[in-house]
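The values are calculated or read from the model by the stated rules, or taken from the named source; none is laboratory data. From a predicted model like this one, the values you see are computed outputs, not experimental measurements. Virtual Cβ from ideal backbone geometry, glycine too; neighbours counted across all protein chains shown.
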Amino acid sequence: MMKKIIKVSLSILVIASVLTLTPQLILAYPGFLFKEEFSHRNFTILSNEKVSTGIKEALDAISTKLLMTGFYDETDNVKIVLCSKGSLATFLDKISLGPVGVGFHHFSGNIYLFPERIDRFRKENLKAKGEEKGLLEHSYQAFEFDKILTHEILHKLHSDSLGIWEFKQKMPPPHWKAEGFAEYYTFCFEKEKSKDYDFRDRITLYMRYKDKFPLFYYKSQLLYEFLTEHRHMDFVDIMDDEVTEQGTYDELIQWYNQKN
């Protein structure tokens, strides 16, 4: 009887392991799902549609920007998976166990993007009028392909910097830090070149619309920028567990009120 129980238990364990590991193996090694493969620099692109050669210029620009962050090793291969068909995109969403979105970073380091969704969301947000357009500037919410790709690669660099096991153990580090890091470094060099950029104006806009729109990415970017440029904290300091979202937000608002 005991042997039978052990046998059944082992069978259940094996089945559970297979069900858990198979989706992760597919996401780590997705090449068999895609007919196109394109390589440029240290980037490898898998796609179920022909890849435009014009993407070379975008990858060159992204690489240059990433090098400026200090987190990027241009010899490290970056695999980008472009999925433009609905059923496959839905399948990848389901096995990733993540929320439906325009892309995600898998623990293997692979970057998954859904171009059709990016284009659809971009067109929808272009309907913004007046000062609400400001919520899209220097932000993921503009849904520009090259910026989304940069953002997702930065999640990989964040994971590489912490170490994959620490990154996943915290599933990932507090969400605001993960998104703040990716948003800040995606747009910080662009903002430096803008004569019209004003950090306080960005905070004012957030305060005005935070109860009307879901602005988590926008807020996370503000917090990370505040800690980096006004508190002069580096990556290691910011990742410390004692640096919390609420504490940082309170400091940001205090700083904002003093400056105004």
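Points to keep in mind about this one:
- Among the numbered conditions (1) outside any helix (DSSP H, G or I); (2) crowded, with 21+ Cβ neighbours inside 10 Å, the only one that residue 212 does not meet is (2).
- Picking from residues in region 109-136 that are crowded, with 17+ Cβ neighbours inside 10 Å, over 14 Å from the mean Cα position of the chain (by Cα) and not hydrophobic (A, V, I, L, M, F, W, C), the one that is nearest to residue 50 (Cα to Cα) is 115.
- Only listed residue being part of a helix (DSSP H, G or I), surrounded by 15 or more Cβ atoms within 10 Å (Cβ to Cβ), modelled with pLDDT under 90 and out of contact with any strand residue (DSSP E or B) (no Cβ under 8 Å at 6 or more places or on another chain), chosen from 160, 146: 160
- Considered as a group, the residues in region 215-234 that are among the aliphatic types (A, V, I, L, M) and surrounded by fewer than 19 Cβ atoms within 10 Å (Cβ to Cβ) include one that is farthest from the chain's Cα centre (by Cα), and that residue is 233.
- Any hit, region 44-60, residues being of a type in the set (Asp, Glu), under 25 Å from residue 159 (Cα atoms) and modelled with pLDDT of 95 or more: yes
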